[in-house]
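Structure, as structure tokens:
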Amino acid sequence: MNRPQTSATDELRTVPLRAHEDAANPASVRVVLGRYRLERRLGAGGFGVVWLGWDQKLEREVAVKAIPLERGGGERVEREARAAARLNHPGIVSIYELASDQHEIYLVSELVRGRTLAELTQAGAVSDRDVARIGVELCDALEHAHARGVIHRDVKPQNVMVVADPAAGAGFAKLADFGVAHVASGDPLTRTGDVIGTLAYMAPEQAEGRPVTAASDVYSLALTLYEAWTGSNPVRAGGLAATARRLGRPVPPLAGRRRDLPRDLCGEVDAALDGRPEDRPEPSRLRAALSVAEGEMSDDGGLVEPATLRRVGLPATRRLAPTALGRRPRRSPRAPRPLPMAWPGDQAAEPLRGVLGRRRPVAGGRALSGRLAGRASAGLGAGVAALAAAVWLGPDLPGSPLAIAAVVALAVALLPRIGWLCCAAVLCGWLATPNADVPGSALLVAAAAVAVPLLLPRAGAVWTLPALAPLLGTVALAPAFVGVAALAPTPLRRAGLGAAGGLWLLVAEPLAGRPLLFGSPEGTPGRTEFQGSLGTTAADVLEPLAASPVLLVPVVFVVFAAVLPLVLRGRWLAADLVGAAAWSIGLMAALAAVGDLVGATGASAEARGAVAGSLAGALVAVAISQTNPPPESWRAQAVTTS
């Protein structure tokens, strides 16, 4: 089983599901405080040992932190218990009891099953969306703690537990170890001048011994998220002295390291890393930015994929047995839910992942292969579209069509957005030159091209995909494009693809000179009549199109691309087929309604390929959803920090 390596100070151990029933040597097991049986040592640190314990009174597994009294650790443990006892939140590890005997002081807490964010990040097992979800949970936890006068002071990836089975209890991530927490009402053990925490994640004012406030936790949280998204901590250096010299220096903007992340989110994270505590946002403001951005971010390679869970040693199971946690499983309203449909996790699906714009955020072999496959798919699609344009648009190209298509494919594969924009500009410019002398065609191509970056601003790898709609229209399957658009990973991506495909379909019809769905509006001249004049194209092609009911086609595509993932769950083939049939009938009815409006204007009232295209799109989506059903819960593994 593949498990990521950790340092000695952050040692993690896994235990069987019901360790209280299979201790290696029952005779050597000891009971403390008259009720807690110490079954197995989980880890050790500078302040004691953490044990997997069994509460014989309540019959549940717990974590027991034992600290020898002679080490002077009692004050720290009491402080941890006092701070955490004020808190009752699903995003914070619960403290059950604090007591001592003649030799040790014991802190009994909730046993969290899962992995630390540090482990998962090192293994490349968290997606962009996973990090945003974790950030939302931690913002909630910190807001709860700060409202009760408790400041954590040591927020870092090693103290963030990603819960193994969110369905078994509330929360997706939990904040652990309030051992250095500072109670804002005053505590002589945390007076101004003390420097407590982890240097690489410490706010500048905290490192300087100045008063620590809630803003200090916000800084540490932002740095934790920054590292999870970029793979490196910008403050950490080769040693303590070098790290200390970096404290207080401006952190490189997150958008400079991850250009594909939402700009507003990057701005909030950068603000949270401001050296001046008073200029940092509240946890609620950072949470709002994370929540908004979550829907735009990729789940690729993350914790919704069984393949990822297996790779980090957490094989997927349906759910924990009720006795494993000592309580009946319950679902949290904030527990993360997998997307209704997801692409297969095997390598054969990587080109499909890439062409829909999903990428892995963390460095690694599979992440690199996914990005390369995505770029290759985008380049291949652009090359095919360029070749189709050469055949469709008429004028002889200044070179071999295959060579030009290869150049376009290479440019888009290397630089998806810049390459695509340059190729589109060159195509429009060439069509308007005297050699080609079809400025009207150039205007229509430009109108279709401009819409794509506006509808899909951060998805350069999918900008050529809307060209699939008119290509399918040539074989009377244009509505099938809706099923393809519905497979995109986020609602915004699905909506953008649906709208762009519908617009390309409408603009391509006058260029093709024949119906691809409904055909051009009544009175539209043939291509040979308008393509030589910009004015004629604008007045006789674009204006009638803008006033025609066929503009409802992109709206229909958007709606049905958004609805399809809601009816396909990927669990039972029969249920998916029934849902797909209902979806197909709905799409046919919507296109028929548009056809009635179009027919009132004197144009063709029948949508070409409505039946075959709707069924084809639904069946493609069913096939994809069945190859990768929704991920199951994680198999329980007990993990705790010392």
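The values are calculated or read from the model by the stated rules, or taken from the named source; none is laboratory data. Remember, predicted model here, so these are calculated numbers, not experimental data. Cβ sites come from the backbone with ideal geometry, for glycine too, and all protein chains shown count toward neighbours.
Please determine, by comparing only the residues of segment 244-272 that are of a type in the set (D, E, K, R) and either modelled with pLDDT under 85 or in a loop (DSSP other than H, G, I, E, B) (or both), which one is surrounded by the most Cβ atoms within 10 Å (Cβ to Cβ). Can you show your working first?
Residues of segment 244-272 of a type in the set (D, E, K, R): 245-246, 249, 257-260, 263-264, 268, 270.
Right, trim to either modelled with pLDDT under 85 or in a loop (DSSP other than H, G, I, E, B) (or both) and you get 245-246, 249, 258-260.
On the way: 245: 11, 246: 16, 249: 11, 258: 18, 259: 11, 260: 16.
So, considering only residues that are of a type in the set (D, E, K, R) and either modelled with pLDDT under 85 or in a loop (DSSP other than H, G, I, E, B) (or both), the one surrounded by the most Cβ atoms within 10 Å (Cβ to Cβ) is 258.
Which of (1) at pLDDT 90 or above; (2) surrounded by fewer than 19 Cβ atoms within 10 Å (Cβ to Cβ); (3) under 20 Å from residue 621 (Cβ atoms) does residue 482 not meet, given it meets every other one?
Evaluating residue 482 over (1) at pLDDT 90 or above; (2) surrounded by fewer than 19 Cβ atoms within 10 Å (Cβ to Cβ); (3) under 20 Å from residue 621 (Cβ atoms) leaves (2) as the failure.
Go through (1) modelled with pLDDT under 85; (2) among the aliphatic types (A, V, I, L, M); (3) under 30 Å from residue 300 (Cα atoms); (4) surrounded by 21 or more Cβ atoms within 10 Å (Cβ to Cβ) one by one and return the number of the condition residue 131 breaks.
(1)
Out of curiosity, is residue 592 within 22 Å of residue 475 (Cβ to Cβ) and at pLDDT below 90? Lay out the reasoning, then the answer.
Details: within 22 Å of residue 475 (Cβ to Cβ): yes; at pLDDT below 90: no.
Against the criterion (within 22 Å of residue 475 (Cβ to Cβ) and at pLDDT below 90), residue 592 does not qualify.
Would you point out the residue of segment 497-523, among those that are under 37 Å from the mean Cα position of the chain (by Cα) and in a loop (DSSP other than H, G, I, E, B), that is surrounded by the most Cβ atoms within 10 Å (Cβ to Cβ)?
Narrowing segment 497-523 to residues under 37 Å from the mean Cα position of the chain (by Cα): 497-509, 516-517.
Then keep just the ones that are in a loop (DSSP other than H, G, I, E, B); that gives 516-517.
Values: 516: 25, 517: 29.
The extreme case among them is 517.
Of the numbered conditions (1) modelled with pLDDT of 85 or more; (2) surrounded by 15 or more Cβ atoms within 10 Å (Cβ to Cβ), residue 601 fails exactly one; give the number of that condition.
(1)
Within the bounds of segment 221-234, is there any residue that is surrounded by fewer than 22 Cβ atoms within 10 Å (Cβ to Cβ), over 16 Å from the mean Cα position of the chain (by Cα) and in a helix (DSSP H, G or I)? Even if it seems obvious, please write down each step before you answer.
Taking segment 221-234 first, the residues surrounded by fewer than 22 Cβ atoms within 10 Å (Cβ to Cβ) are 230-234.
Remaining after also requiring over 16 Å from the mean Cα position of the chain (by Cα): 232-234.
After this cut, where a residue has to be in a helix (DSSP H, G or I) as well, the list is none.
Looking for residues that are surrounded by fewer than 22 Cβ atoms within 10 Å (Cβ to Cβ), over 16 Å from the mean Cα position of the chain (by Cα) and in a helix (DSSP H, G or I), one finds none in segment 221-234, hence no.
Count, please, the residues in segment 512-556 that happen to be within 19 Å of residue 600 (Cβ to Cβ) and either not hydroxyl-bearing (Ser, Thr, Tyr) or not assigned by TED's automatic domain parsing to the domain that holds residue 496 (or both).
In the first step, residues of segment 512-556 are kept if they are within 19 Å of residue 600 (Cβ to Cβ); the result is 515, 517-524, 543-553, 555-556.
Then keep just the ones that are either not hydroxyl-bearing (Ser, Thr, Tyr) or not assigned by TED's automatic domain parsing to the domain that holds residue 496 (or both); that gives 515, 517-519, 521-523, 543-547, 549-553, 555-556.
So the count comes out to 19.
Looking at (1) in contact (Cβ under 8 Å) with a residue 40 or more places away in the chain; (2) within 21 Å of residue 380 (Cβ to Cβ), which one does residue 453 not meet, given that it meets all the others?
Residue 453 satisfies all of (1) in contact (Cβ under 8 Å) with a residue 40 or more places away in the chain; (2) within 21 Å of residue 380 (Cβ to Cβ) except (1).
Mind listing just one residue for me: the one in segment 455-482 that is of a type in the set (Val, Ile, Thr) and not in a helix (DSSP H, G or I) and, of those, nearest to the chain's Cα centre (by Cα)?
Only one residue fits best here, namely 464.
Under 8 Å between Cβ atoms, which residue pairs at least 6 apart in sequence (or on different chains) link something in segment 405-419 that is closer than 17 Å to residue 389 by Cβ with a partner that is of a type in the set (Ser, Thr, Tyr) and modelled with pLDDT of 85 or more?
412/464
Only one residue in 273, 247, 225 is closer than 17 Å to residue 128 by Cα, hydrophobic (A, V, I, L, M, F, W, C) and not assigned by TED's automatic domain parsing to the domain that holds residue 562. Which one?
Testing whether each residue is closer than 17 Å to residue 128 by Cα, hydrophobic (A, V, I, L, M, F, W, C) and not assigned by TED's automatic domain parsing to the domain that holds residue 562 leaves just 225.
Could you please let me know if residue 385 is closer than 17 Å to residue 504 by Cβ, at pLDDT below 85 and crowded, with 24+ Cβ neighbours inside 10 Å?
Criteria met by residue 385.
Can you confirm whether residue 80 is outside the structural domain of residue 225 (by TED's automatic domain parsing), assigned to a helix (DSSP H, G or I), at pLDDT below 85 and over 26 Å from residue 212 (Cα atoms)? Before the answer, list the steps.
Numbers: outside the structural domain of residue 225 (by TED's automatic domain parsing): yes; assigned to a helix (DSSP H, G or I): yes; at pLDDT below 85: yes; over 26 Å from residue 212 (Cα atoms): no.
When the stated conditions are applied, residue 80 does not pass them.
Can you tell me which residue within segment 36-59, out of those that are at pLDDT 85 or above and in contact with a Leu (Cβ under 7 Å, 6 or more places away or on another chain), is nearest to residue 96 (Cα to Cα)?
53
Find the helices (runs of 4 or more DSSP H) located wholly in segment 524-609 whose residues include 2 or more that are without any contact (Cβ under 8 Å) to a residue 12 or more places away in the chain, and list them. Working first, answer last.
Values: elements: 527-530, 534-537, 543-547, 552-567, 573-599.
In segment 524-609, the matching helices (runs of 4 or more DSSP H) lie at 527-530, 543-547, 573-599.
Let's see how each residue does on (1) part of a loop (DSSP other than H, G, I, E, B); (2) surrounded by fewer than 17 Cβ atoms within 10 Å (Cβ to Cβ):
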site	(1), (2)
209	yes, yes
212	yes, no
242	no, yes
274	yes, no
281	yes, no
298	yes, no
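Among the residues of segment 420-442, write down those that are out of contact with any Cys (no Cβ under 8 Å at 6 or more places or on another chain), assigned to a helix (DSSP H, G or I) and in contact (Cβ under 8 Å) with a residue 12 or more places away in the chain.
First, pick out the residues of segment 420-442 that are out of contact with any Cys (no Cβ under 8 Å at 6 or more places or on another chain): 420-441.
Subsequent filtering for residues that are assigned to a helix (DSSP H, G or I) retains 420-432, 439-441.
Listed by number, the residues that qualify are 420, 421, 423, 424, 427, 428, 429, 430, 431, 439, 440, 441.
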